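A short write-up of the structure that comes next.
The values are calculated or read from the model by the stated rules, or taken from the named source; none is laboratory data. Remember, it's a predicted structure, so these values are computed and weren't measured experimentally. Glycine gets a Cβ as well: all are built from the backbone with ideal geometry, and neighbour counts include every protein chain shown. These area figures cover heavy atoms from the full protein model, side chains too; ligands, DNA and RNA do not enter into them. Shrake-Rupley method; radii C 1.70, N 1.55, O 1.52, S 1.80 Å.
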Amino acid sequence: MSDTTTSDEAVAATTVKADPDRAFRVFTEGIGSWWHRGTIYWNDSARGLRLEFEPGVGGRLREIYDDGAYVIGRVEVWEPGERLTFTWREESWNVDGTTTVDVRFEAVDGGTRVTVRHGGWGTITQANAGAGGYTAGWTELLGWFVDEARADAA
């Protein structure tokens, strides 16, 4: 696992023992399994049941509850086995505040290098919002993703 942070971008990466198509599938279709419930990575961790992507450009990334859902963002790029880009917002942010998450899947010896770049923090007006904490967060989340990909291969 590796991570870096610039003033406007959080970057985290890992290598998973899966081909790029399977890595993409686990990241998108399997997000409801690998994104752990009840953690700080939810808008409403008490109500959150799972996350889910609606496939394709324009699809939503949603946090699912018993009584509805919160739309975290929308898919901007959907290229299975290569790239996934989606907008990201948190419920506590200003109404027009969104960031962008870009995930790349690159074939390497022994699997796929998955790199997450989370940027565009200029639209967020909250004083405590920024890339810094997201680097550590994406690093932890990618660890859970690797565990799910390993289980998916079994």
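Being part of a strand (DSSP E or B) and of a type in the set (Gly, Ala, Ser) is the filter; apply it to region 97-111 and report the residue that is surrounded by the most Cβ atoms within 10 Å (Cβ to Cβ). Before the answer, list the steps.
Within region 97-111, the subset part of a strand (DSSP E or B) is 99-108, 111.
Then keep just the ones that are of a type in the set (Gly, Ala, Ser); that gives 107, 111.
Details: ALA107: 14, GLY111: 19.
Top of the filtered list is GLY111.
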Any hit, region 8-15, residues being open to solvent by 10 Å² or more (accessible area, probe 1.4 Å) and of a type in the set (Gly, Ala, Ser): no
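Kindly indicate the residue of region 27-38 that is small (Gly, Ala, Ser) and under 24 Å from LYS17 (Cα atoms) and also most open to solvent (accessible area, probe 1.4 Å) among those meeting that condition. Working first, answer last.
Narrowing region 27-38 to residues small (Gly, Ala, Ser): 30, 32-33, 38.
From what's left, under 24 Å from LYS17 (Cα atoms): 30, 32-33.
Details: GLY30: 14, GLY32: 29, SER33: 75 Å².
So the residue we want is SER33.
Every residue in region 39-81 that is open to solvent by 70 Å² or more (accessible area, probe 1.4 Å), part of a loop (DSSP other than H, G, I, E, B) and touching a strand residue (DSSP E or B) at 6+ places or on another chain (Cβ under 6 Å), please.
ARG47, VAL57
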